[in-house]
Amino acid sequence: MNPRPYNFAYLDEQTKRMIRRAILKAIAIPGYQVPFASREMPMPYGWGTGGVQVTAAIIGPDDVLKVIDQGADDTTNAVSIRAFFAKTANVATTTDTTQATIIQTRHRVPETPLSAEQILVYQVPIPEPLRFLEPRETETRTMHALAEYGVMHVKLYEDIARHGHIATTYAYPARVADRYIMDPSPIPKFDNPKLDDCPALQLFGAGREKRIYAIPPHTRVVSLDFEDHPFERTKFDAACAFCGATDSFLDEVVVDDKGGRMFVCSDTDYCEKRRAAKAKDAAE
Amino acid sequence: MMAPLLSVRGLNKRYGSIVACRDIAFELEEGEALAIVGESGSGKTTLLNLVAGALAADSGEVVYRMRDGAARPLSSLSEAERRALMRTDWGFVHQDASRGLRMNVSAGGNIGERLMAIGGRHYGRIRAAALDWLARVEIAAERVDDPPSTYSGGMRQRLQIARNLVTGPRLVFMDEPTGGLDVSVQARLLDLLRGLIADMGLAAIIVTHDLAVARLLSHRMLVMKQGEVIESGLTDRVLDDPQAPYTQLLVSSVLAA
Amino acid sequence: MYVAVKGGERAIANAHALLADKRRGDRGVAEIETRQIDEQLSLAVDRVMSEGSLYDREIAALAIKQARGDLIEAIFLARAYRTTLPRFGFAEPLDTKAMALRRRVSATFKDLPGGQVLGPTFDYTHRLIDFALAEASDPPPPATAPADAASATPRVVDIIAGDDLIEKSPPAENGAPVADVTRDPTEFPAARDARLQTLARGDEGFLLGLGYSTQRGYGRNHPFVGEIRFGEVEVEMFVAELGFAVPLGTIAVTECQMVNQFKGGDGEPARFTRGYGLVFGQSERKAMSMALVDRALRAEELAEESIGPAQDAEFVLSHCDNVQATGFVEHLKLPHYVDFQAELALLRQLRTEYGEQRTEKKESSVLRPPSSDLRTEAAE
């Protein structure tokens, strides 16, 4: 059997066109989940096929691609996806957020502010913010169409009644352009404010659930809350042990078996740049 | 003279060869409570569901006077408008309270949901409204964070009522509101309903097979048999001086207290 | 001194090299050939073709070798390969009436035109491990009989339909669009074409369990095997330039027609209802399970009460695809430490507050002046 060559970025042109049409619809209706005919990809559903299809549909030979998972370039799944595009599209890849034109991410938004020249592609496991309150697709579709979101606030109310706080810490629901409520993917709520008025285009791909949605640049994104229990960013009691940052999301690392802990920046590129800048300052 | 709040004309519904409702017509004024009385199979619950828009009629029309005064046939309402109506201007109290409640959401959440659905965004005020209503339906305040799955049947029914009335609806549909409850619990619930209907000036359509419920809650009543209205009029008149033979049978069948 | 973890790329490369080594195994043992898999593990190949939605024995056999025998992994490979193939048209509906039969059985009649042809089946074998198979075997040639082109083998459902005792299969409208679950995401409620397509590629184990549940009362529909046929059918494609359909080749399929609980009403007399299953190769268990679940999913259409999970279309169709299912279940192995960190932060905060509340309670009970309420103090 002869091995067949693959098209640029793996997907055939018809499929890319179909995905781009879905992306355009998504941009035209910010926060609305557009159904699309997700293809079987060479990585399993749940491992980023949605993000990969979106990236494959928009990437061109001159693009520079960065892929992160949990904020890091070197985690196994990020490595695997980056290698996939290097192999099937032969595009330049980078770990430097400022150099990338397309950033595909799982579960984090980069700490470095993005520009209008960039597109952020999120990997989404469950696109439907109402899913855990209402398992039926037929019903959630109607709820979005009629903007019937009371049940979302009921959930937040229950959290406060039970715990004294809203108990959602990631995949925190937000209202886009004052209309649709969306699930921003399992980013920590720490990252939610970055979605609001972002200069970059933000695209969300859910392969298994077959949905694409988008936040156009400079769109209003408001995390759900109550007036008297406003949305609060997570605060850390520590600074990054490597670069000293106090404004980035920190990973907790277990360093010994006596319970020793250390906190380091989740965004590895951000941390490295800060360390390099500090070293340069120290040298001067 | 204001138009009636609700006007039902020529309502028909069949299931195959069974006639559930035949040519039903009546009017309901604001603040008026109407009982629909009949035995099982009379079509009374079907009629309630037709009028509330939960079932589609084969023919006929239900016209409702909206808050802005416009008389709208229900069939002309979009799904969005109908659902908005169900959340604000109307209430529906089910015989089985678990159908009208979120059983695993706290009582406060159940009552507050409608307020949140119409834009309520202040936790403290929503909670205060919920506590206020719990008091009005005589549920102890400390139960506010308990889900109705931990409540007794009577308490669930009272919670369901609170959940429906929190947005100050003008029309409430009730399907056997006291069905399945102990007699003493029923009496307390009926008393509560009577008070709320009077205090809030509610219009109500109450389906029941229990003439005592009709007597206590309603101003007027319809008697149904095999899909047709065989008698109607002021409740007291119909119960004290029934004209149709079937009504006479019903009234005389009630066990003497 | 803690150093940040690096080397993910190298770790992956090493892991894949180790996998390839394990796949080959003991170099002293002969390497398995795809032809062997195709010939001697043919039922595995059949399953991979069916659920991989790709009729290609070579690819399926290779996928099984690459997957080290993990059939769902092999199905995934087949599906991913399928994605890259260009599509140039649609076949005409298969004419299973014209099937070159290798096996044909019916439970509804003792005898019927065409007879009960047992074919190569595990049915009625005694499930005793045959140790002789551990050595090379050379089974004697099976019995043969001359092909009887004259005797017709009508479909059992057509025989019953002749007496108008079974619901008619609605005739296809020419030119009416057919759903394509590989191109359009399924929306609920799903029509029967989309349902059957999804079931055809659905996991055998999942559908087997659901089918079994209907037999045990979770949505009973009184099934009888009207007919199971296994054999070759011709695949034809209509070519517009030629103006007629041309044969592309033959494929082996198993078709199962269930005859189910009769139903009347709405002015119609009672008739038997149907369930349908069709798979590539000889995956009989899957064809039968598919037919049971197909019939169960028609509950709403046939005005039956839905009491079992097999009757819940959204539940069944959303969860029967094993490629999707395994992807999402196994994705839990991916790093989730950022979200876990967020949860830890909240939990620690709640625990701190809980601790503070308890301290407050204790302090306040101490500060309360000694009262006559000795019982309360004792209780605390």
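The values are calculated or read from the model by the stated rules, or taken from the named source; none is laboratory data. The structure presented is a predicted model; accordingly, all values stated were derived computationally and were not measured. With ideal geometry, Cβ positions are generated from the backbone for all residues, glycine too; neighbour counts draw on all protein chains shown. Only protein heavy atoms, including side chains, enter the accessible area calculation; ligands, DNA and RNA are left aside. Shrake-Rupley method; radii C 1.70, N 1.55, O 1.52, S 1.80 Å.
Observations on the model:
- Near the amide H of A:SER223, within less than 5 Å, lie the amide hydrogens of A:ARG175, all on another chain or at least 5 residues away, with H placed in the peptide plane.
- Remark: relative contact order (region B:99-168) = 47 percent; criterion is Cα-Cα distance under 8 angstrom and separation of 6 or more residues.
- Across region B:169-174, computed HN-Hα scalar couplings (Karplus, 6.51 cos²θ - 1.76 cosθ + 1.60, θ = phi - 60°) run x, 9, 9, 10, 9, 10 Hz from first to last residue, x flagging Gly and Pro.
- Note that region A:199-249 presents 41 Å² accessible area per residue, ligands and nucleic acids not counted, probe 1.4 Å.
- Phi to ³J(HN,Hα) by Karplus 6.51 cos²θ - 1.76 cosθ + 1.60 over region C:351-358, Hz, x for Gly, Pro: 5, 4, 5, 4, x, 5, 4, 5
- Where Rh is the Kirkwood radius over Cα pairs, Rg/Rh for region B:48-94: 0.93
- When region A:194-271 is reduced to its Cα atoms, the Kirkwood hydrodynamic radius in Å: 15.8
- If the convex hull is drawn through the Cα atoms of region B:135-257, its volume per residue in Å³: 123
- Accessible surface buried at the A:C interface totals approximately 4800 Å², computed with a 1.4 Å probe on protein heavy atoms.
- Seen through its C-alpha gyration tensor, with square-root eigenvalues sorted a ≥ b ≥ c, region C:138-226 comes out prolate because a/c lies at 1.5 or above while a/b is bigger than b/c.
- Prolate/oblate/rounded label for chain A (Cα gyration tensor, a/c 1.5): oblate
- Of the three principal axes defined by the Cα atoms of region B:99-168, the extents in descending order read 30, 23, 21 Å.
- Cleavage-rule hits, GluC sites (Glu not before Pro), region A:187-240, DSSP coil, Cβ neighbours within 10 Å at most 16: A:GLU227, A:GLU232
- Beta bridges assigned by DSSP with both partners in chain A are antiparallel in approximately 60 percent of cases.
- Put a plus charge on the Cβ of each Lys and Arg, a minus charge on the Cβ of each Asp and Glu, and nothing anywhere else: the dipole of the protein assembly as shown about its Cα centre is then about 660 debye.
- Chain B: most fluctuating residue of B:ASP182, B:ASP191, B:ASP68 per GNM, C-alpha cutoff 10 Å: B:ASP68
- For region C:28-146, relative contact order (Cα pairs under 8 Å, six or more residues apart, normalised by length) works out to 15 percent.
- Between 0 and 90°, nearest 10: helix B:123-136 axis offset from chain B longest Cα axis: 50
- Here each label is just a point 7 Å from Cα along the line to Cβ, and for B:ALA70 and C:GLN116 those points are 7.0 nm apart.
- Calculated SAXS-style log₁₀ I(q)/I(0) at q = 0.19 Å⁻¹ - region A:33-72, Debye, Cα scatterers: -0.69
- All distinct Cα pairs of the protein assembly as shown go into the 1/r average, and the inverse of that average, the Kirkwood radius, is 33.1 Å.
- Non-local Lys pairs in chain C, i.e. 8 or more apart or on different chains, that have alpha carbons under 29 Å apart: 16
- Most mobile listed residue (C:GLU167, C:GLU31, C:GLU227) in chain C, GNM with C-alpha springs under 10 Å: C:GLU31
- Projected label distance in nm at C:ARG216 and B:SER149, using a 7 Å step from Cα toward the beta-carbon: 2.4
- Against the rule of thumb 2.2 N^0.38 Å, how large the Cα Rg of region C:81-187 comes out: 1.61
- Peptides ranked, highest mean first, by Cβ atoms within 10 Å: ranges A:63-74, B:28-39: A:63-74, B:28-39
- Principal axis dimensions, largest first and in whole angstrom, of chain B by Cα: 55, 46, 40
- Phi to ³J(HN,Hα) by Karplus 6.51 cos²θ - 1.76 cosθ + 1.60 over region C:118-125, Hz, x for Gly, Pro: 5, x, x, 9, 6, 3, 6, 6
- Positive-end residue of B:TRP133, B:VAL172, B:GLY154, charge dipole of region B:46-182 with Cβ unit charges: B:TRP133
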